[in-house]
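*Asks:* Structure in structure tokens, see below.
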Amino acid sequence: MFQLDAHPSGRHFLQIPGPTNVPDRVLRAIDRPTIDHRGPEFARLTHEILDGLKEIFRTASPIVTYAASGTGAWEAALVNTLSPGDRVLMFETGHFATLWRALAERLGLVVDFVPGDWRSGVDPVLVEAKLAEDKTGAVKAVLAVHNETSTGVASRIAEVRQAIDRAGHPALLMVDTISSLASIDYRHDEWGVDVTVAGSQKGLMLPPGLSFNAVSDKALAAGKQAKLPRSYWRWDETIAMNRQGYFPSTPATNLLYGLHEALAMLREEGLANVFARHARHAEATRRAVRAWGLEVLCRNPAEYSNSLTAVMMPEGHDADALRKEILARYDLSLGTGLGKLAGRVFRIGHLGWFNDLMLCGTLCGVEMGLAVCDVPYRKGGVGEALECLQHPGTTATTTTQKKRAA
Ligand SMILES: Cc1ncc(COP(=O)(O)O)c(C=O)c1O
């Protein structure tokens, strides 16, 4: 029979790029009696959560919360704004962009899917060129995944916005921040995003089960003309009822308790510090990878993800065999290669509730795994990461490199 907590002694290392480790404080908050979701206490909870979320999304606009995984919020973004046959512009940045495209097509949208190499983000130059070609305004929306969880590549959303503006195009901008929100700098209002899609299970440090749409006035206006059928996903009813502190259907009350606590934790740490922590751990991870003689999948340093690092395996070595061995020996879960990257990369998640020693443990597990699986690598990645954590300003010559050069 399936047994929860069947792991050996000590804490399991859940270093997939989400769901992430849920802080004990959040677990304790969830573990409280469920209350009446039509009662007075609940309205206070809703209002405090919606105010807290606005700080995280960096918006003054409404945020719609769903009891659904991120895929639900993808669908909600589209059905609330578009009509059957509408054209949308998307970029093949990886597995999640490909899945969002499939969802859009199933809804009857026509997707112009710009091919990509799964190692790069959305190219703002191409956004501008594609929209400049569209003299009739046929493209109704540009859909971008901010942080491609399958590749560890973060697209430059502020530059995508500027590209849309340079083309003078009226398309809506919709951005998936499922693995970037509360981990990597993101600004819904300042970057002129019309719909931000997010989920609970990554930077927000909650279990899976909640997802979100932050919605601009322009998106709300587009919704008035949009003809795609929608019922559960309708924004208008939720926004109206949220003003009173309630939801049209039964909300995920206990997850909302957890969200309330997670928002408090993020506020206590300060969003700028949260981003800096993620950046520091990401840099230490990349230094370890390079020291091992392995390659980071992301090609362009300006697009490095601060929430995860996808590591390419040397030719002839299977990433899943390595992951399997690391899990069996060290109780460490790493992310699998998705879609066309299956077997070719493993992904180290370093987002959410995470600290220096958790990163060190994770990197130790990887380094030991490389050795036992006979993957060709150089020792010293962990040492390189330690050096980086202790002296984050140093870039090139670390102790390990000095030794190697001597
Ligand atoms: C960037 C991104 N978008 C969308 C999704 C899909 O979300 P879910 O699996 O919660 O439905 C994920 C899941 O990991 C993701 O990482």
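*Asks:* Give me the 1.4 Å probe accessible area per residue for the chain, excluding ligands and nucleic acids, in Å².
*Replies:* 42 Å²
*Asks:* For the range 61-195, give the share of DSSP beta bridges that are antiparallel, in percent and rounded to the nearest 5; count only bridges with both residues there.
*Replies:* Antiparallel bridges: around 10 percent, rounded to the nearest 5.
*Asks:* Can you give the helix-only mean residue ellipticity at 222 nm for the chain, where every DSSP H stretch with n ≥ 4 adds -39500 (n - 2.57) and the sum goes over all residues, rounded to the nearest 500 deg cm²/dmol? Display every interim value, and only then the final one.
*Replies:* Values: 14 runs with 171 residues, N = 406.
So the helix-based figure for the chain works out to -13000 deg cm²/dmol.
*Asks:* Between A371 and V125, how many nm apart are label points set 7 Å from Cα along the C-beta direction?
*Replies:* Placing both labels 7 Å along Cα→Cβ, they lie 4.5 nm apart.
*Asks:* Projected onto the charge dipole of the chain (+1 at Lys/Arg Cβ, -1 at Asp/Glu Cβ, origin at the Cα centre), which of L351, Q244, L259 gives the Cα projection farthest towards the positive end?
*Replies:* Selected residue: L351.
*Asks:* Say the dipole of the chain comes from +1 at the beta carbon of Lys and Arg and -1 at that of Asp and Glu; which of G369, A291, V64 then lies farthest toward its positive end?
*Replies:* Ranked along the dipole, the leading option is A291.
*Asks:* Given a 1.4 angstrom probe, I'd like the percentage of the accessible area of the chain that is carbon and sulfur, rounded to a whole number.
*Replies:* Using a 1.4 Å probe with all protein chains present, the chain comes out at 54 percent carbon and sulfur.
*Asks:* Could you check the simple spin-label distance between A102 and D51, using points 7 Å along Cα→Cβ, in nm with one decimal?
*Replies:* The modelled label-to-label distance comes out at 4.3 nm.
*Asks:* Using the Cα centre of the chain as origin and beta-carbon charges of +1 (Lys, Arg) and -1 (Asp, Glu), tell me which of A342, H37, V215 is placed farthest towards the positive end of the dipole.
*Replies:* A342
*Asks:* Of the beta bridges DSSP finds with both residues in the range 117-196, what % are antiparallel, to the nearest 5?
*Replies:* That works out to approximately 20 percent antiparallel.
*Asks:* OK, next. How much length, in nm to one decimal, is gained on full extension between A328 and Q3, taken as 0.36 nm per residue of separation minus their Cα-Cα distance? Let's see the in-between values first.
*Replies:* Numbers: separation 325, 0.36 × 325 = 117.00 nm, distance 1.63 nm.
Between A328 and Q3, full extension yields 115.4 nm more.
*Asks:* Quick check for me: using +1 on Lys/Arg Cβ and -1 on Asp/Glu Cβ, what's the dipole size of the chain about its Cα centre, in debye to the nearest 20?
*Replies:* 300 debye
*Asks:* Also: Taking 0.36 nm per intervening residue step and subtracting the Cα-Cα distance, what contour gain separates A43 from E237 on full extension?
*Replies:* Numbers: separation 194, 0.36 × 194 = 69.84 nm, distance 1.58 nm.
Working it through step by step, the gained length comes to 68.3 nm.
*Asks:* May I pose another question? Label-point separation (nm) for Q225 and Y246, each offset 7 Å from Cα along Cα-to-Cβ?
*Replies:* That separation, rounded to one decimal, is 3.4 nm.
*Asks:* Set the bar at 22 Å for Cα to Cα. Now go through K130/K227; K202/K227; K140/K227; K340/K379; K54/K130 and name every pair that lies beyond it.
*Replies:* K130/K227; K202/K227; K340/K379; K54/K130
The values are calculated or read from the model by the stated rules, or taken from the named source; none is laboratory data. The structure displayed is predicted, hence computed values, not measured ones. Don't worry about glycine lacking a Cβ; one is built from the backbone with ideal geometry, like all the others, and counts go over all protein chains shown. These area figures cover heavy atoms from the full protein model, side chains too; ligands, DNA and RNA do not enter into them. Shrake-Rupley method; radii C 1.70, N 1.55, O 1.52, S 1.80 Å.
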